[in-house]
Amino acid sequence: MPVRRLDPVLIDQIAAGEVIERPAAVVKELVENAIDAGARRVDVVVEKGGRRLIRVSDDGCGMGPADLALAIERHATSKLPEGRLDSIRTLGFRGEALPSIGAVARLTISSRPRAATRSAEEPRPEGTGQCEAAGHRIRVDAGRVEPVRPAAIAAGTRVEVEDLFHATPARLKFLKGDRAEAMAVSQVMRRLALARADIAFSLAGDYMTGFNLAGTSADSAGLARRVEAVVGAEFMENATCLEAMRDEIGISGLISLPTYHRATADGQYLFVNGRPVRDRLLIGALRAAYADTIVSDRHPSVVLFLTLDPERVDANVHPGKLEVRFRDSESVRGLLVRSIRDALAAEGHRVASRPSALLERFRVNETAPISALPGLGYRPQTYPPLPRNQPVEIPPPVWLRGGMAEAQRAFEAKADEPETLAIPPLGFARAQIAETYILAENAEGLVIIDQHAAHERLVYERLKRARAESTIARQMLLIPAVVTLDPSARDRLVAAAELLETLGLVIESFGGDAVLVREVPAALAHVDPAKLARETADTLAEWGGSESFEVRIDLVLKTFACHHSIRAGRKLRLEEMDALLREMEASPASAQCNHGRPTSVRLSAVDLAKLFGRR
């Protein structure tokens, strides 16, 4: 078959596949055009998930008949006045969206400029014969263009897309259901509404919860109102503000506490110079910033705005403009990771608070008879006596050694001076429940601490500090332990032997499927070396080959910390409980365990009063 030129309409349909892959992409392109046109209000309506109709109306600058005729031609745009791609300051710039939509759907654009934009000497399009400030309309059906005609419309632009992909049935077959497509449209609109809090947005249509957002101020207070309206009040209650600047790169916004996380990354809203993006560099930086505080299969929620000179970022790397490239990517990544970690550290021991849900868990059905309560019956004569076991004598725990012991003694020495004794944030231990939870009383009310989760975090932080200072002590085993493993687990341990030795675990190959454990970290001298080797091998299996060296080390240290931590079921003396609370207060990361769960729950005096119906 000889080489031939493709039909221009077919060329547009092929190109449309890169830009317009689903209704949500159409909405994104049209709303971005409205924002670039200086709109103060944008209204969007969709039917059947966007298959039947997408209508976007704005009160922007509008277009005259000549601009309307050019707008539906490929690579025609008003957004690159200097013809440069190295300083893009608008959301759109490629000149592909409108011709791509017109190639696969029925497109109608009606527009009226706010004021005359063309001089009297310039020729007008033949056949219009209308005043420049009048409204006009142009239609395109599967690439076939109709002449520009007069139309009655207020100042601004209205774009209607009907029967999307009717000209390319193959693409139509790959769309999801109407509900799923509507949800994708809603997500796109939420991102754009967050990008410009000063613009009013409305969304209505089938299978979605629409919204009508009034424009607000562009300052931090206005952004907070928009975030609460779009992302939700629960996020605002469990988020902290972030603002940082370095090397003329600024970052600001809101990030969730480590204990407030989601199963998906849908709650991550990232913007670069006002452009919503799903950039791999930024997502990777988020993962690194939260690596120590959130379990691997959970995701934080963030609303973050990155600002920098447009000449330092390339937005022309993806047809949908969803990815960007930074001239100095390491500076961007470093600033994002460091600023997030600093903001979380500044929050101290604050954890995600959902008091209403927590209180509901405590409530009982006040109308039900006592005998109907699950697990209870009114048989006082059969109740067993309260346990009278006294805490066993145990050696001083590791957290009482060194500086923490001195801090504890200094704190206790002030007990004779009540006028100078301040109640610490986590209060004083009063009791231990189920040999798992510590009950403490502070100035606000009751604090419940998970002793294993809290101590595991403290040990992990201590091991990280020791590793950074190259001071992890090792304990040689009197009789080296021979551990038999499956071949893959053995190979993982042997391959990582050099790394593990720097962490205090010395392992050698012992022939066959066995390894020899010669030394263990001194802090784990009491741990079964065979169990430690097997669980370390399991941890190494989680690497997957893509994690950085630092992440791999941290994964192993988390395994060590789990072995060294006090377990549920261990009785503690009050002084040991108080010592644990004091070290938690001295460790900013102790608000959550290594898996992202809270280590403590606080109930204020008001919460307790509500539980008993006093409020």
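The values are calculated or read from the model by the stated rules, or taken from the named source; none is laboratory data. The structure presented is a predicted model; accordingly, all values stated were derived computationally and were not measured. So basically every Cβ, Gly included, is an ideal-geometry build from the backbone, and we count neighbours across all protein chains shown. These area figures cover heavy atoms from the full protein model, side chains too; ligands, DNA and RNA do not enter into them. Shrake-Rupley method; radii C 1.70, N 1.55, O 1.52, S 1.80 Å.
Only residues that are open to solvent by less than 30 Å² (accessible area, probe 1.4 Å) and either among the charged types (D, E, K, R) or outside any strand (DSSP E or B) (or both): list them for the range 434-460, please. Let's see the steps before the verdict.
Restricting attention to the range 434-460, the residues satisfying the condition of being open to solvent by less than 30 Å² (accessible area, probe 1.4 Å) are 436, 438, 440, 442, 445, 447, 449, 451, 453-460.
Matches in the range 434-460: Thr436, Asn442, Gln451, Ala453, Ala454, His455, Glu456, Arg457, Leu458, Val459, Tyr460.
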What pairs can you find where one residue is in the range 36-47 and farther than 16 Å from Met63 by Cβ, the other is assigned to a loop (DSSP other than H, G, I, E, B) and open to solvent by 50 Å² or more (accessible area, probe 1.4 Å), and their Cβ atoms are less than 8 Å apart, with a gap of 6+ or different chains? Arg40/Asp59; Arg41/Asp59; Val46/Asp206; Glu47/Asp206
Could you tell me how many of the residues in the range 158-192 are open to solvent by 20 Å² or more (accessible area, probe 1.4 Å) and among the hydroxyl-bearing types (Ser, Thr, Tyr)? 1
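So is Phe326 within 26 Å of Gly596 (Cα to Cα) and of a type in the set (Phe, Trp, Tyr) or not?
Values: within 26 Å of Gly596 (Cα to Cα): no; of a type in the set (Phe, Trp, Tyr): yes.
No, not satisfied.
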Before we move on, is Glu234 farther than 22 Å from Arg278 by Cα, open to solvent by 30 Å² or more (accessible area, probe 1.4 Å), in a helix (DSSP H, G or I) and of a type in the set (Asp, Glu)? yes
Restricting to the range 496-529, and then to whatever is free of Cβ contacts under 8 Å to residues at least 24 places away in the same chain and assigned to a helix (DSSP H, G or I), can you tell me which residue is surrounded by the fewest Cβ atoms within 10 Å (Cβ to Cβ)? Glu498
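Please determine, by comparing only the residues of the range 314-333 that are open to solvent by less than 30 Å² (accessible area, probe 1.4 Å) and part of a helix (DSSP H, G or I), which one is nearest to Arg280 (Cα to Cα).
Filtering the range 314-333 down to residues open to solvent by less than 30 Å² (accessible area, probe 1.4 Å) leaves 315, 320-321, 324, 326, 331-332.
Add one more test, that the residue is part of a helix (DSSP H, G or I), and what stays is 331-332.
Working: Ser331: 15, Val332: 12 Å.
Ranking the qualifying residues of the range 314-333, first place goes to Val332.
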Could you please find all residues in the range 284-308 being surrounded by fewer than 20 Cβ atoms within 10 Å (Cβ to Cβ) and at pLDDT 90 or above? Thr307
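Looking at the range 46-69, which of its residues are within 17 Å of Leu203 (Cα to Cα), assigned to a helix (DSSP H, G or I) and of a type in the set (D, E, K, R)?
Step one: list which residues in the range 46-69 are within 17 Å of Leu203 (Cα to Cα), which gives 46-59.
Filter once more, keeping what is assigned to a helix (DSSP H, G or I): 48-50.
Across the range 46-69, the qualifying residue is only Lys48.
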